[in-house]
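Undergrad: Can you keep this structure in mind? I'll have questions shortly.
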Amino acid sequence: MSDVAIVGIGMHSFGRHDDLSGMEQGAIAVRRACADAGVAWDDVEFAIGGSRDAGQPDKMVPMLGLTGLPFQNVINGCATGGSALISAYNTIKAGAGDLGIVIGFDKHGRGAFVPSTPPSGGRDWYGGSGLALTTQFFAMKINRYMQQHGISRRALARVAAKAFRNGAKNPMAWRRREMSEDEILEAPMLSYPLTQYMFCSPGEGAVALVLCRADRAGRHARRPIFLDAAVIRSRRFGSFEVLAPSLAIEDGVGPTVDASRAAFEQAGIGPEDVALAQLQDTESGAEIMHMAENGFCHDGEQEAMLEAGETEIGGRFPVNTDGGCIANGEPIGASGLRQVYENVLQLRGDAGVRQVGGDPKVAYTHVYGSPGISGVTILSR
Amino acid sequence: MARISIDDAVLDISGGEPRLLGSRCRACGTHTFPVQSGCVRCSGDDMETVRLGTRGELWAWTVQAFPPKAPPYLGDTDRSTFEPYGVGYVQLPEVRVEARLTEARPEHLKNGMEMELALVPLATDDDGNEIVTFAFAPSGGAT
């Protein structure tokens, strides 16, 4: 049995919220998570928070009560939420705390992320030249992958259409209008082969999770969910990563493969034991590639899996049941925790119209982001 | 009016042909672009600055169809006049380099095609100098 349990979850809906700061959304998520766990803010022994653009997370404490608790801030690119969770997991495993909270929130401006590439004394030659856009990386990676492994543009549209279909069933999602595959394919091309509706957008939202020692989980939750693995990995030599001005000529595996293998080893199970997964879908091609990189299929099998609807909520192996990043947007600090939130709902059997059938027992999350970092969690009940 | 490199430490245009500058690890021979002080492969710190080759094969590509935000982008950001440009990795003899491509039509781009280093204008600075950056063009005009 795992050492750490998730006993409370709270969320502020994703999307655009002009009347609320990112931090206020974070505080709302905290109150909801504490209420779900049946604990008072005063009971929380430590907090770990992550946000890229919405302020230093520990500044939210006055909104919740100045209890003097240790509060650490985490920033780790797109894996910020996942890294906050891993820090809390390790704190509890190490015996340095029995009950803690993880908070992820963010609020980004409209449009693609502006790359921050500090110039080396001169001009910012990388961004200045019209490179340094994350969208370019994802487009190049899937374009190459499609040619190598026989993935069609229709498959890209299938992933996005599924995301909007699942988002339409999720009251917390941002994009809740279903969209046809043809509408997605005919939308303006942003970065070949990816159209506007195949990409997620930077957005807003917040998630909080209450964690505690597994042997005390029964005090706080009727249906505790256990965190069997929480792993992050950075990139190794030879991998193909976002915002890389150059790549090695020899090819190696990326951080997702490394994080996934380590997580399965930690949990003592394999991909065949997983009932559903939330996988980083910065754009629809990323979901396709990440299915293979996380060990859930071989390269190229995704085409037939998507055609057969295997990754739909009612399919053999549901992926991104809450609509993923494509339907929820990507508030960096909260995105990885949104995946965990959804998996907790699914494992509790509380996902309502999105509920995956077959009484799922194991669920998987994966984030990937700049500058080449992956985070994986495995949850069970 | 002169033509100036976007960054002389990255792109040297002082000679007859433009050259990209990278680093070579004296211990393991691994190259990086741009110049950096440590080795990505063996962690060594004995690096020398070298001129990279100017020809290679296209390894991955896309087309940038919307204007990047400025800053940092120095080129045209006006949606009514913006011209899409290709972006790709070109496998040089030493390392795969990310660069603009002079070709922006998907039907004319294919992994494995021969490419060579070229210059593209980005903007004019306050002194009237033309700022250029590097790009790769299909070799021999074979588009």
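Undergrad: Are any of the pairs A:Lys162/A:Lys361; A:Lys59/A:Lys169; A:Lys141/A:Lys162; A:Lys107/A:Lys141; A:Lys107/B:Lys69; A:Lys107/A:Lys162 more than 29 Å apart by Cα-Cα distance, and if so, which?
TA: Working: A:Lys162/A:Lys361 23 Å; A:Lys59/A:Lys169 34 Å; A:Lys141/A:Lys162 21 Å; A:Lys107/A:Lys141 27 Å; A:Lys107/B:Lys69 18 Å; A:Lys107/A:Lys162 25 Å.
Violating the 29 Å limit, Cα to Cα: A:Lys59/A:Lys169.
Undergrad: Suppose we take every Cα in the range A:289-361 and form the convex hull; what volume per residue is that in Å³?
TA: In the range A:289-361, the Cα hull volume divided by residue count equals 104 Å³.
Undergrad: Also, quick follow-up: Where the convex hull is taken over the Cα atoms of the range A:106-224, what is its projected area averaged over directions, in nm²? Present the calculation step by step, with values, prior to reporting the outcome.
TA: Numbers: hull surface 49.5 nm².
Average of the hull's projected areas for the range A:106-224 equals 12.4 nm².
Undergrad: Just how large is the dipole of the protein assembly as shown about the Cα centre, in debye to the nearest 20, putting +1 at every Lys and Arg Cβ and -1 at every Asp and Glu Cβ? Don't jump to the answer; show the numbers that get you there.
TA: Numbers: 48 positive and 64 negative charges, 231 e Å.
Approximately 1100 debye in magnitude.
Undergrad: Between the DSSP loop rule and a limit of at most 11 other Cβ atoms within 10 Å, which trypsin sites (Lys or Arg not before Pro) in the range B:1-100 are left? Write out the running numbers ahead of the final one.
TA: On the way: sites: B:Arg3, B:Arg19, B:Arg24, B:Arg26, B:Arg41, B:Arg51, B:Arg55, B:Lys69, B:Arg79, B:Arg96, B:Arg100; in loops: B:Arg26, B:Arg41, B:Lys69, B:Arg79.
Qualifying residues, ordered by number: B:Arg79.
Undergrad: Do me a favour and compute the ellipsoid semi-axes for the range B:3-141 from its Cα gyration tensor, root of five times each eigenvalue, largest one first, whole Å. Could you put the intermediate results ahead of the total?
TA: Numbers: eigenvalues 141, 74, 38 Å².
Gyration-tensor ellipsoid for the range B:3-141: 27, 19, 14 Å.
Undergrad: Here's a follow-up. Which one, B:Leu109, B:Met1, B:Tyr85, projects farthest toward the positive side of the charge dipole computed for chain B from Cβ point charges (K/R +1, D/E -1)?
TA: Of the candidates, B:Leu109 comes out farthest on the positive side.
Undergrad: Taking amide H positions as placed in the peptide plane 1.01 Å from N, state which residues far from B:Ala60 in sequence (5 or more) or on other chains have amide H under 5 Å from it.
TA: Amide H neighbours of B:Ala60: B:Tyr89.
Undergrad: Where the only charges are on Cβ atoms (+1 Lys, Arg; -1 Asp, Glu), what is the dipole of the range A:1-135 about its Cα centre, to the nearest 20 debye?
TA: Dipole size: approximately 460 debye.
Undergrad: Over the Cα atoms of the range A:127-183, how large are the radius of gyration and the largest Cα-Cα distance (Dmax), in Å?
TA: 14.8, 42
Undergrad: With charges set only on the Cβ (+1 for Lys and Arg, -1 for Asp and Glu), what does the dipole of the range B:3-141 come to about its Cα centre, in debye to the nearest 20?
TA: Values: 13 positive and 21 negative charges, 107 e Å.
The calculated dipole for the range B:3-141 is roughly 520 debye.
Undergrad: Follow-up question, since we're still on this one. Would you kindly derive the ³J(HN,Hα) couplings of the range A:190-196 from the backbone phi angles with the Karplus curve 6.51 cos²θ - 1.76 cosθ + 1.60 (θ = phi - 60°), listing them in order in whole Hz, with x for Gly and Pro?
TA: Values, residue by residue: 8, 8, 3, x, 9, 8, 3 Hz.
Undergrad: Can you tell me, using C-alpha contacts under 8 Å and at least 6 residues apart, the relative contact order of the range B:3-141 as a whole percent? Walk me through the numbers before you get to the answer.
TA: Values: 305 pairs, mean separation 30.6, N = 139.
Relative contact order, the range B:3-141: 22 percent.
Undergrad: What quantity of accessible surface, computed with a 1.4 Å probe and excluding non-protein components, is buried in total between chains B and A, in Å² to the nearest 100?
TA: Result for this pair: about 3500 Å² buried.
Undergrad: Residue by residue through the range B:15-26, what is 3J(HN,Hα) from phi via Karplus (6.51 cos²θ - 1.76 cosθ + 1.60, θ = phi - 60°)? Round to whole Hz and write x for glycine and proline.
TA: For the range B:15-26, the Karplus-derived couplings read x, x, 10, x, 9, 8, 9, x, 10, 10, 7, 5 Hz, x marking Gly and Pro.
Undergrad: Can I ask one more? Per DSSP helix of 4 or more residues, -39500 (n - 2.57); summed, then divided by the residues of the protein assembly as shown. What does that give at 222 nm, rounded to the nearest 500?
TA: Rounded to the nearest 500, the figure is -7000 deg cm²/dmol.
Undergrad: Would you tell me the accessible area of A:Met63, worked out with a 1.4 angstrom probe on the heavy atoms of the protein chains, in Å² to the nearest 10?
TA: Accessible surface of A:Met63 is approximately 80 Å².
Undergrad: Right, next: What's the average, rounded to a whole number, of partner chain beta-carbon atoms within 10 Å of each residue's beta-carbon in B:54-64?
TA: Average neighbour count from other chains, rounded to a whole number: 5.
Undergrad: Summarise the accessible area of chain A (1.4 Å probe, protein heavy atoms) by the percent that is carbon and sulfur.
TA: That fraction is 48 percent.
Undergrad: Considering every residue in A:132-140, what mean count of other chain Cβ atoms within 10 Å of its Cβ is obtained?
TA: 5
Undergrad: Go through A:Leu156, A:Leu347, A:Leu131 and say which Cα lies farthest out towards the positive end of the charge dipole of the protein assembly as shown; charges sit on Cβ, +1 for Lys and Arg, -1 for Asp and Glu.
TA: The listed residue farthest towards the positive side: A:Leu347.
Undergrad: Give me the percent of DSSP beta bridges within chain B that run antiparallel, rounded to the nearest 5.
TA: Numbers: 34 of 39 bridges.
The antiparallel proportion sits near 85 percent.
Undergrad: Still on this structure: If amide H atoms are built 1.01 Å from N in the plane of the peptide, which residues on other chains or at least 5 residues away come under 5 Å of the amide H of A:Ala229?
TA: It is A:Ile378, by chain and number.
Undergrad: What percentage of all Cα-Cα pairs in the protein assembly as shown are separated by more than 33 Å? Display every interim value, and only then the final one.
TA: Numbers: 56181 of 137026 pairs.
Here the long-distance tail beyond 33 Å is 41 percent of all Cα pairs in the protein assembly as shown.
Undergrad: Relative contact order of chain A, please, whole-number percent, based on alpha carbon pairs below 8 angstrom and at least 6 residues apart. Intermediate results must be reported in sequence, preceding the final value.
TA: On the way: 922 pairs, mean separation 99.1, N = 381.
Taking the mean separation of contacting Cα pairs over the length of chain A, I get 26 percent.
Undergrad: Let me ask another. Residues of B:108-120, mean number of Cβ from any other protein chain within 10 Å of their own Cβ, rounded to a whole number? Don't jump to the answer; show the numbers that get you there.
TA: Details: counts 0, 2, 1, 4, 1, 0, 0, 0, 0, 0, 0, 0, 2.
If you average over the peptide's residues, the count of other-chain Cβ atoms is 1.
Undergrad: Here's a follow-up. Using +1 at the Cβ of each Lys and Arg and -1 at the Cβ of each Asp and Glu in chain A, identify which of A:Val274, A:Pro70, A:Phe296 lies farthest towards the dipole's positive end.
TA: A:Pro70
Undergrad: Then there's this: Give the cysteines in chain A for which no other Cys Cβ lies under 4.7 Å away, or write none if there are none.
TA: A:Cys34, A:Cys78, A:Cys212, A:Cys297, each lacking another Cys Cβ under 4.7 Å.
Undergrad: A further question on this structure: Could you provide, to the nearest whole Å², the per residue accessible area of the range A:102-228 with probe 1.4 Å? Show your work: numbers first, answer last.
TA: On the way: 4740 Å² over 127 residues.
The answer is 37 Å² per residue.
Undergrad: Please turn the phi angles of the range B:55-69 into ³J(HN,Hα) values with the Karplus equation 6.51 cos²θ - 1.76 cosθ + 1.60 (θ = phi - 60°), one per residue in order, whole Hz, x for glycine and proline.
TA: Computed from phi, the couplings for the range B:55-69 are 10, x, 10, 5, 10, 7, 7, 8, 10, 7, 9, 10, x, x, 6 Hz.
Undergrad: Return the tail of the calculated pair distribution for the range B:1-46, meaning the percent of Cα-Cα pairs more than 12 Å apart. Before the final figure, lay out the partial values.
TA: Values: 634 of 1035 pairs.
Every Cα pair in the range B:1-46 considered, those over 12 Å come to 61 percent.
Undergrad: Be a star and scan the range A:53-69 for residues whose amide nitrogen sits under 14 Å from the point 7 Å along the Cα-to-Cβ vector of A:Glu45.
TA: Label zone hits: A:69.
Undergrad: Further question on the same structure: What are the equivalent ellipsoid semi-axes of the range A:225-328, built from the alpha-carbon gyration tensor (square roots of five times its eigenvalues), in whole angstrom, biggest first? Present the calculation step by step, with values, prior to reporting the outcome.
TA: Values: eigenvalues 110, 66, 36 Å².
The three semi-axes for the range A:225-328 are 23, 18, 13 Å.
The values are calculated or read from the model by the stated rules, or taken from the named source; none is laboratory data. None of the values given here were measured: they were computed from a predicted structure. Positions of Cβ are backbone-derived with ideal geometry, glycine not excepted, and every protein chain shown enters the neighbour counts. Just so you know, the surface numbers come from the protein's heavy atoms only, side chains and all, with ligands and any DNA or RNA stripped out. Shrake-Rupley method; radii C 1.70, N 1.55, O 1.52, S 1.80 Å.
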